[in-house]
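For reference, the structure discussed in these notes is given below.
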Ligand code: PSV
Ligand code: MN
């Protein structure tokens, strides 16, 4: 299924009058306070988030998975689904592949299809956290950290294969997330595990083309429950430094223990020019994979406030790679992703509204009350008309979920594809 711009324009007509009055009201209000509304709308329109190939089917928990009709059965269909999201929002202009779940069979056809949807291939993801049916070595007791030299070499080789596939697709980065760790004390020598991991990552780094970046993701626990070798940003940062200047830390919002101050981690990494990538999701307890902004929207705003500050003031940090890493098991996966995209852009737009000059003055004067007010004024602004303006100027839908439902996208996908299960977790 393809959604043409003419169809979107047609659906937009019904909402344009309400939009105009909401936008005028907000534009006047923001202009009075000194904001450059046109510039903010352009920034929102430019913001692109990668969709991972594994989020297009229904997610699951370790207690099971409930399939969703019309799931993409093959990679080409996954790209079509990202194309639908991009047509509706114009903010999902990239796809992030997970190897070996999504090995392209026909690279040039896939590139052609991506081009027709206006998509690029963002970071490639390797997978050494599962044994594949044809696996020659096992990752049961670790991969890049393994005491078993053959398993370690096998995992390094897999990452090199992912780089090779990524080069063909014009991707420019590799994300490594390791499940490696221990579920019981004594199982693993921490220092040996770390040293093996560093050695392996250096081998992978050395294999990357000059214009590629390596993103090292961290996670405190799961699937191992006693220790994870790359458990926190500090460990990732240390390994990135050991690899070299094109290696960076990747922050996944769900990979923190409850109440961790993620915005401060973001600021610290950006200060050192080492924040490379970002995985968006939301959670109440752990790596819950919930829709972005569904639980802690204020925390998301505070994180974006640091990101916006860092992007504008700290040129020594590269522009981060954005990706949604969420897929739960009860929502329509495409509607879930549309909600996530909306939440990301809302937080971004609110962060763009923060009066940085006034905030600096408040900080210099130790005016704590004013500083809080400045942040909360931005957070409490209903910025949705700005997002609509950005979508309207890019030819996307004023209301993506309503358009998706009106067009009966899921029903059409079910009739086209039936009930096959998507590849992935
Ligand atoms: C691990 O929890 C993770 O966040 C990594 O980014 C994986 O690649 C992804 O989720 C899918 O399992
Ligand atoms: Mn992740």
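The values are calculated or read from the model by the stated rules, or taken from the named source; none is laboratory data. This structure is a prediction, so every number in the text was calculated from the model and none was measured. So basically every Cβ, Gly included, is an ideal-geometry build from the backbone, and we count neighbours across all protein chains shown.
Taking segment 176-196 as the range and being more than 29 Å from the chain's Cα centre (by Cα) and closer than 20 Å to residue 233 by Cβ as the test, the residues that pass are 190, 191. Residues of segment 274-293 that are away from ligand 2 (no atom under 12 Å from the Cβ) and crowded, with 20+ Cβ neighbours inside 10 Å: 274, 275, 276, 282, 290, 291, 292, 293. Against the conditions (1) surrounded by 13 or more Cβ atoms within 10 Å (Cβ to Cβ); (2) at pLDDT 95 or above; (3) farther than 27 Å from residue 118 by Cβ, residue 410 satisfies every one except (3). Checking each residue in segment 205-236 for being over 19 Å from the mean Cα position of the chain (by Cα) and under 20 Å from residue 316 (Cα atoms) picks out 210, 211, 234.
To keep it simple, each residue is scored yes or no on (1) farther than 17 Å from residue 348 by Cα; (2) part of a loop (DSSP other than H, G, I, E, B); (3) in contact with a strand residue (DSSP E or B) (Cβ under 6 Å, 6 or more places away or on another chain).
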| site | (1), (2), (3) |
| --- | --- |
| 30 | no, no, no |
| 34 | yes, yes, no |
| 42 | no, no, no |
| 51 | yes, no, yes |
| 54 | yes, no, yes |
| 58 | yes, yes, no |
| 68 | yes, yes, no |
| 77 | yes, no, no |
| 88 | yes, no, no |
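Criterion applied to 137, 115 was being away from ligand 2 (no atom under 16 Å from the Cβ), free of Cβ contacts under 8 Å to residues at least 40 places away in the same chain and farther than 27 Å from residue 229 by Cα, and the one residue passing it is 115. Reported count of residues in segment 392-425, each being in contact (Cβ under 8 Å) with a residue 40 or more places away in the chain, away from ligand 2 (no atom under 16 Å from the Cβ) and not in a helix (DSSP H, G or I), is 12.
One residue stands out among those in segment 242-263 that are more than 16 Å from ligand 2 (Cβ to nearest atom) and free of Cβ contacts under 8 Å to residues at least 12 places away in the same chain: the one that is farthest from residue 306 (Cα to Cα), which is 245.
Being part of a loop (DSSP other than H, G, I, E, B) and in contact (Cβ under 8 Å) with a residue 24 or more places away in the chain is the filter; apply it to segment 363-391 and report the residue that is surrounded by the fewest Cβ atoms within 10 Å (Cβ to Cβ). Of everything passing the filter in segment 363-391, 382 is surrounded by the fewest Cβ atoms within 10 Å (Cβ to Cβ). For residue 221, indicate whether it is at pLDDT 95 or above, surrounded by fewer than 24 Cβ atoms within 10 Å (Cβ to Cβ) and in contact with a strand residue (DSSP E or B) (Cβ under 7 Å, 6 or more places away or on another chain). Answer is yes for this residue.
Close Cβ contacts (under 7 Å, 6 or more residues apart or on different chains) running from residues in segment 5-21 that are modelled with pLDDT of 95 or more to residues that are surrounded by fewer than 17 Cβ atoms within 10 Å (Cβ to Cβ) and part of a helix (DSSP H, G or I) comprise 11/406.
Close contacts from segment 286-305, counting a first residue that is without any contact (Cβ under 8 Å) to a residue 40 or more places away in the chain and a second that is within 16 Å of ligand 1 (Cβ to nearest atom) and in a strand (DSSP E or B), with Cβ to Cβ under 7 Å and a gap of 6+ residues or different chains, come to 290/282; 295/282; 296/282.
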